[in-house]
Amino acid sequence: MLVTALFRGLRRAPRDRQAPALSWWVVAGAGLVVAGVAWGATAWLLTEANRAVDPAAARVEAIKTGLGIGAGIGGVFALLLAVRRQWHQELSAADVALDAAEKRVTELYAKAADQLGSDKAPVRLAGLYALERLAQNNAGQRQTIVNVLCAYLRMPYDLPSDTPARDADQDGSEEIRDRVQEQQVRLTAQRILVDHVRPGPHPRRPVPTFWPDVDLDLTGATLTDLDLSDCRLRAARFDVARFTGQTRFVTADFSSPARFVGARFEGRSSFHGAHFSSQASFARAWFADEARFAFADFIGADFEGARFDGQAVFEWTRFRETGVFVDARFGGDVSFYKARFDHSGRFQRAEFAAGATFTDTEFDLPGEVWAHGAKFSRGVPEVVWSMLPPEETADQGESPSGNRA
């Protein structure tokens, strides 16, 4: 009981920053225990001494032995107090070191944030690398620093290829130069994010630079040649983001919802073999060039109102829940060759302006294949509802294209 009281509060010391002082009753209790043990031992030894041949000499030895026992017990409590004092000093030193480290992290973070606000591109680059180093050495700061990098990329930005705004006092060439420098800064920010969400060739033994359980919020960001292939993300938001150049999410893994609502893919985009463990939304997204989703694995995919101006490839793609293509517009060839819908496929009012291939497309629930008002502008595509028997098709009065009447 007394030992517990002596060390009570030390377990709370890292949180409370200071161990509480010993109560008076703990000290008094320790003294009473020492006195009680010494008295009890002495009394028992005196009783035994009366039976000795020389009782007087035996009583003297009994008193010496009893006092020695009391002194020993007192020494034990003194040792415990010394251990407690040393432990408290070590915890205090650890708290001082922790405070110093936190202060250092705060100073580095503030300095790097100031550098990001500089009007000079090299200074902004230095700020990015400082934040990367800070996050690598402090795991608890990683999501915060990722949020800062994402916020930087979400800032309004015009590409060098965009028409420069000219006025009477500004030379367009200087503005383009500033945009080129800013583009290099942004490409560096993208690279930092990509490098640290890619686990490496062995996902079960990720590289030391991998930051697990990181969320990206790049809503409205302008991203150039983004390559998140083989990356592992938790939640990712790319709503109304602008993707220029080639965009790659090849074999990327999304463990939480992924949002690309209203995103613009101005170049080729590839989600080949990407895995979505939760809902993925591409509603109202615009794909100006080829879009490849071959071998992708969706839990649920929403392409409602999406626009595909180039070729769209969904070959061998799996939709484990609903695959929604309501009001989607396919301006180029589209292929769902050997795609699989485990639950339902919805193509109401979808428009197919070029060739459309549904060869060997599988619908495990054929009663949930909906294509009301779908339009095929160039002939009738080859459609095979693999799970729907031919005689049932004739009874339900479906058109040759496979649209439900």
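Per-residue answers, yes or no, for (1) assigned to a loop (DSSP other than H, G, I, E, B); (2) in contact with an Asp or Glu (Cβ under 9 Å, 6 or more places away or on another chain); (3) modelled with pLDDT under 95:
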residue	(1), (2), (3)
H202	yes, no, yes
P206	yes, no, yes
P212	yes, no, yes
F243	no, yes, no
V250	yes, yes, no
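Can you tell me which residue within the range 171-203, out of those that are farther than 18 Å from G245 by Cα and basic (K, R), is most open to solvent (accessible area, probe 1.4 Å)?
R177
Go through the range 281-294 and give me each residue that's open to solvent by 20 Å² or more (accessible area, probe 1.4 Å) and farther than 23 Å from A235 by Cβ.
A288, D289, E290, R292
Step by step: first the residues of the range 324-352, then only those that are modelled with pLDDT of 90 or more and of a type in the set (S, T, Y), then the one that is most open to solvent (accessible area, probe 1.4 Å). Which residue is that?
Restricting to residues being modelled with pLDDT of 90 or more and of a type in the set (S, T, Y), the top hit is Y337.
Which residue pairs have Cβ atoms under 8 Å apart, sit 6 or more places apart or on different chains, and have a first residue in the range 124-151 that is farther than 24 Å from R179 by Cβ and open to solvent by 30 Å² or more (accessible area, probe 1.4 Å) and a second that is part of a loop (DSSP other than H, G, I, E, B) and among the β-branched types (V, I, T)?
Partner pairs satisfying both residue conditions: Q136/T209; R142/V214; Q143/V214.
Looking for whichever is more than 25 Å from A328 (Cβ to Cβ), surrounded by fewer than 20 Cβ atoms within 10 Å (Cβ to Cβ) and within 22 Å of the chain's Cα centre (by Cα) here; the options are P257, P156, P206. Which one fits?
One residue alone meets the criteria, P206.
Listed residues D333, D302; which is among the acidic types (D, E), within 29 Å of the chain's Cα centre (by Cα) and within 23 Å of G267 (Cβ to Cβ)?
Result of the check over D333, D302: D302.
Of all residues in the range 86-123, count the ones that are basic (K, R), modelled with pLDDT of 70 or more and surrounded by 12 or more Cβ atoms within 10 Å (Cβ to Cβ).
Residues that pass the stated criteria total 1.
Give the residues of the range 222-241 that are open to solvent by less than 60 Å² (accessible area, probe 1.4 Å), farther than 17 Å from I145 by Cα and in a loop (DSSP other than H, G, I, E, B), sorted by residue number.
L226, L228, S229, C231, F238, D239, A241
The values are calculated or read from the model by the stated rules, or taken from the named source; none is laboratory data. The model shown is predicted, which means the values in this text are computed figures rather than measured ones. Using ideal geometry, Cβ is built from the backbone for each residue, glycine included, and neighbour counts are taken over all protein chains shown. Note: areas computed on protein heavy atoms with side chains; ligands, DNA, RNA excluded. Shrake-Rupley method; radii C 1.70, N 1.55, O 1.52, S 1.80 Å.
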